[in-house]
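Student: I'd like to ask you about the structure that follows.
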Amino acid sequence: MKRDELILTAFEARKQAYAPYSRHKVGAALLAENGKVYTGCNIENIAYGPTNCAERTAFFKAVSEGERKFSAIAVVGGHEKAKELDYFPPCGICRQVMMEFCDYNTFKIFLAKTPKEYKEYTLCELQPVAFSSQILQKEKR
């Protein structure tokens, strides 16, 4: 799947968001290395703690179906009444989930305001000082 298609898929996923409290709707489209795409939207809860972000929803759907390797994710979001969206980066928890399943140097993150207006990052650019399994492996030595 091409970048533009992945971004459009994230915009479609955003339509399913359940955000009655923040009114910020977010959609994500996660590309597995095998080419399959998993979508996610944010799902809020009045207690806030049980709220799940769009990115994690996509990852958890994919992992629950056996996927473990991913190459890119597109994320779009903003207030439901906004005339224009702004770039909506993943929160720290979502970035940590990405660290678990994605290549630190090559996994691409597309943040889009429109289907044609986007920014591209790698995971290492968004999570420069990351907690990873390599840290725990060093402790075993």
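Where a number appears in this text, it was derived from the coordinates with a stated rule and is not lab data. This is a predicted model, so every value here is computed, not measured. Glycine gets a Cβ as well: all are built from the backbone with ideal geometry, and neighbour counts include every protein chain shown.
Student: What are the residues in the stretch 78-94 that are over 20 Å from E5 (Cβ atoms) and in contact (Cβ under 8 Å) with a residue 40 or more places away in the chain, if any?
Tutor: G78, H79, E80, K81, I93, C94
Student: Are there strands (runs of 3 or more DSSP E) fully within the stretch 1-91 with at least 2 residues that are aliphatic (A, V, I, L, M) and in contact with a helix residue (DSSP H, G or I) (Cβ under 6 Å, 6 or more places away or on another chain)? List them.
Tutor: By residue number, 24-32, 70-79.
Student: Here's a follow-up. Of all residues in the stretch 36-94 being among the small types (G, A, S) and more than 19 Å from R14 (Cβ to Cβ), which is surrounded by the most Cβ atoms within 10 Å (Cβ to Cβ)?
Tutor: Applying the filter and picking the extreme gives S71.
Student: Consider I43 carefully, then state whether it is in contact with a Phe, Trp or Tyr (Cβ under 9 Å, 6 or more places away or on another chain) and not polar (S, T, N, Q).
Tutor: So I43 passes the test.
Student: Report, ordered by the first and then the second residue, all pairs with beta carbons closer than 6 Å, sequence separation of six or more or different chains, a first member in the stretch 22-47 that is without any contact (Cβ under 8 Å) to a residue 40 or more places away in the chain, and a second member that is assigned to a loop (DSSP other than H, G, I, E, B) and of a type in the set (S, T, Y).
Tutor: The qualifying pairs are E44/Y21; E44/T51; N45/T51.
Student: Next up: Just need a number here: residues in the stretch 102-111 that are over 12 Å from the mean Cα position of the chain (by Cα) and surrounded by 17 or more Cβ atoms within 10 Å (Cβ to Cβ).
Tutor: Within the stretch 102-111, residues that are over 12 Å from the mean Cα position of the chain (by Cα) and surrounded by 17 or more Cβ atoms within 10 Å (Cβ to Cβ) number 0.
Student: What number of residues within the stretch 95-116 satisfy the criterion of being touching a residue at least 60 places away in the same chain (Cβ under 8 Å) and either farther than 20 Å from E5 by Cβ or assigned to a helix (DSSP H, G or I) (or both)?
Tutor: Residues in the stretch 95-116 being touching a residue at least 60 places away in the same chain (Cβ under 8 Å) and either farther than 20 Å from E5 by Cβ or assigned to a helix (DSSP H, G or I) (or both): 0 in total.
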